[in-house]
Amino acid sequence: MRESSAIIDIGSAQIVTLVGENGVNNTLNITGRGDVSYAGFQRGEFLEPENLKFVFATSISNAEMTSDTKITDVYLGVPGEFCMVVTKSIELSFPRHKRITHSDINNIFKSGDNFAEYKDYCLINHSAVYYELDGSKRVINPLFMKAKKIRGQISYILAFKSFISIMKSTFEDLGVRINGYVSSMLAECLHLFDPSIRDKYAILVDCGYITTSVVLSRGNALLAMNSFSLGGGYITSDLSQCLKISFDEAERLKHKVLLNWNASPSDTYEIDGDEYKLTYSAKATNEIVIDRIEMICEYIQKCIDNFVYELPEFLPIYVTGGGLNFICGIKNIISKKLKRNVELISVKSMHVARPNDTSEESMLSMMLNYQDILGNLIVNV
């Protein structure tokens, strides 16, 4: 069994370990995968922390079996609920015009690496929104360009020290080395958006099963990030409670929903029961689902309102994740509530969209293609 590095994505319903490599035509060749369901997290805390070691071990073991590799080290994803973004403007001046070197860029990052006021956080990622040369020319990559003065708009991503501490302890017990920590939302923006989109502002919403994160990105960085504990699982819970059906039945019913159907009181949805077909009012079901979606949208709007940037009204909102994207007709509901154009976005395989795989595949892509952003940060707690 050969050795290989991998990524582990920590979702609000599953832990996923991926082993892979770059394929042809900018694709990812996934050679191993281990999915394990678990209790998840809420409001920045794991619901069953005592089970984390077993869940991670099982996920890694499953990925090892499917890939025929021994996983000795990993990059670990950090969900939005455990992160925050701090941006700083850092300037360097030189005695005369010179070509910008890797050392100059590293000095810009180091100059802003002071977060004494954030005692409960530690730095995990840093990247540039843009660089400005001699007060006028803006570029994404200034390497080898000539300038007498360079200013970097730098994004620093900080993670809860408590999260890092739990991960370090868990993986030391497992005998697996953590190569680095990756903001899952940063990875998604880098993987999902072309540079032409990232050169401008881009709003990304990742709605999962229990949690939703909203970020504003530009260049190779995040400008702002907010999260809240509401996701697609709450829609299932509402259906279960309001219709007095099991959680499993509610989940299957949710996947039957057609939100663009103007159903009459006599119209029904039908799902398979243990012995016979089960039918539910389509009108009542749609109303329950829409009520919860509109509540999630209200929280998304609050997150956007908290961004300290003036965003043009024509700027679309991109939505990914398995919490909302699988519901037919969801796009129009979100667009109407948020009063913005909405685009559903996800990773694709054989032309099939897979929004619930966005986070883990984006992290794998970042590990393979963005080592300059991952860097060699030493995370201390």
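For every residue, the table says whether it meets (1) of a type in the set (D, E); (2) in a loop (DSSP other than H, G, I, E, B); (3) not assigned by TED's automatic domain parsing to the domain that holds Y75.
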residue	(1), (2), (3)
Y181	no, no, no
M185	no, no, no
I197	no, no, yes
V205	no, no, yes
I210	no, yes, yes
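Any idea which of S264, S227, S237, S246 is under 30 Å from S89 (Cα atoms) and not assigned by TED's automatic domain parsing to the domain that holds G152? So that I can check it myself, show each step before the final result.
Details: S264 fails: under 30 Å from S89 (Cα atoms); S237 fails: under 30 Å from S89 (Cα atoms); S246 fails: under 30 Å from S89 (Cα atoms).
Testing whether each residue is under 30 Å from S89 (Cα atoms) and not assigned by TED's automatic domain parsing to the domain that holds G152 leaves just S227.
Applying the selection to region 86-132, what residues are touching a Phe, Trp or Tyr at 6+ places or on another chain (Cβ under 7 Å), part of a strand (DSSP E or B) and aliphatic (A, V, I, L, M)?
Scanning region 86-132 gives V86, L123, I124.
If I ask for residues that are hydroxyl-bearing (S, T, Y) and crowded, with 21+ Cβ neighbours inside 10 Å, which ones from region 210-251 would you list?
Of the residues in region 210-251, the ones hydroxyl-bearing (S, T, Y) are 211-213, 217, 227, 229, 234, 236-237, 240, 246.
Selection gives T211, T212, S213, S217, S227, T236.
Residues that are of a type outside the set (F, W, Y), without any contact (Cβ under 8 Å) to a residue 12 or more places away in the chain and closer than 26 Å to Y209 by Cα: does region 49-68 have at least one?
yes
Among S12, S5, which is assigned to a loop (DSSP other than H, G, I, E, B), modelled with pLDDT under 95 and touching a helix residue (DSSP H, G or I) at 6+ places or on another chain (Cβ under 9 Å)? I'd like the intermediate steps shown before the answer.
Numbers: S5 fails: assigned to a loop (DSSP other than H, G, I, E, B).
Exactly one residue qualifies, and that residue is S12.
Within region 58-81, can you find the residues that are of a type in the set (A, V, I, L, M, F, W, C) and surrounded by fewer than 16 Cβ atoms within 10 Å (Cβ to Cβ)?
So in region 58-81, the residues of a type in the set (A, V, I, L, M, F, W, C) come out as 60, 63, 65, 71, 74, 76, 78.
Of everything in region 58-81, just one residue is of a type in the set (A, V, I, L, M, F, W, C) and surrounded by fewer than 16 Cβ atoms within 10 Å (Cβ to Cβ), namely M65.
Quick check on my filter: what residues within region 163-174 are farther than 29 Å from E298 by Cβ and either in a strand (DSSP E or B) or touching a residue at least 12 places away in the same chain (Cβ under 8 Å) (or both)? If you could, list the steps in order and put the result at the bottom.
Looking only at region 163-174, we keep the residues that are farther than 29 Å from E298 by Cβ, and these are 164-174.
Within region 163-174, I164, S165, I166, M167, K168, T170, F171, D173, L174 qualify.
For residues that are of a type in the set (S, T, N, Q) and within 13 Å of I8 (Cβ to Cβ), scanning just region 162-181, find the one that is modelled with the highest pLDDT.
The qualifying residue modelled with the highest pLDDT is T170.
Regarding region 280-290, can at least one residue be identified that is assigned to a helix (DSSP H, G or I) and closer than 27 Å to I197 by Cα? Please lay out each step first, then the result.
Quick first cut of region 280-290, residues assigned to a helix (DSSP H, G or I) only: 282-290.
Narrowing further to those that are closer than 27 Å to I197 by Cα: none.
No, region 280-290 has no match at all.
I'm trying to understand the selection: among the residues of region 109-135, which are more than 21 Å from N220 (Cα to Cα), surrounded by fewer than 21 Cβ atoms within 10 Å (Cβ to Cβ) and either under 22 Å from the mean Cα position of the chain (by Cα) or in contact (Cβ under 8 Å) with a residue 60 or more places away in the chain (or both)?
D120
So that you can scan it fast, the table gives a plain yes or no per residue for (1) of a type outside the set (V, I, T); (2) in contact with a strand residue (DSSP E or B) (Cβ under 9 Å, 6 or more places away or on another chain); (3) within 25 Å of F41 (Cα to Cα):
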{"site": "T236", "(1), (2), (3)": "no, no, yes"}
{"site": "N260", "(1), (2), (3)": "yes, yes, no"}
{"site": "I271", "(1), (2), (3)": "no, yes, no"}
{"site": "E275", "(1), (2), (3)": "yes, no, no"}
{"site": "I288", "(1), (2), (3)": "no, no, yes"}
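Which of (1) outside any helix (DSSP H, G or I); (2) without any contact (Cβ under 8 Å) to a residue 12 or more places away in the chain does L315 not meet, given it meets every other one?
Only one criterion is unmet by L315, namely (2).
Restricting attention to region 302-342, and to residues there that are touching a helix residue (DSSP H, G or I) at 6+ places or on another chain (Cβ under 8 Å) and surrounded by fewer than 16 Cβ atoms within 10 Å (Cβ to Cβ), which single residue is modelled with the highest pLDDT?
This residue is N341.
If you go through region 54-81, how many residues are out of contact with any helix residue (DSSP H, G or I) (no Cβ under 8 Å at 6 or more places or on another chain) and either of a type in the set (A, V, I, L, M, F, W, C) or in a helix (DSSP H, G or I) (or both)?
Qualifying residue count, region 54-81: 12.
Which one of these does M84 not meet: (1) over 19 Å from N356 (Cα atoms); (2) of a type in the set (A, V, I, L, M, F, W, C); (3) surrounded by 24 or more Cβ atoms within 10 Å (Cβ to Cβ)?
Result: M84 passes all but (3).
The values are calculated or read from the model by the stated rules, or taken from the named source; none is laboratory data. Quantities reported herein were computed from a predicted structural model and do not represent experimental measurements. Cβ atoms come from the backbone with ideal geometry, glycine included; neighbour counts cover every protein chain shown.
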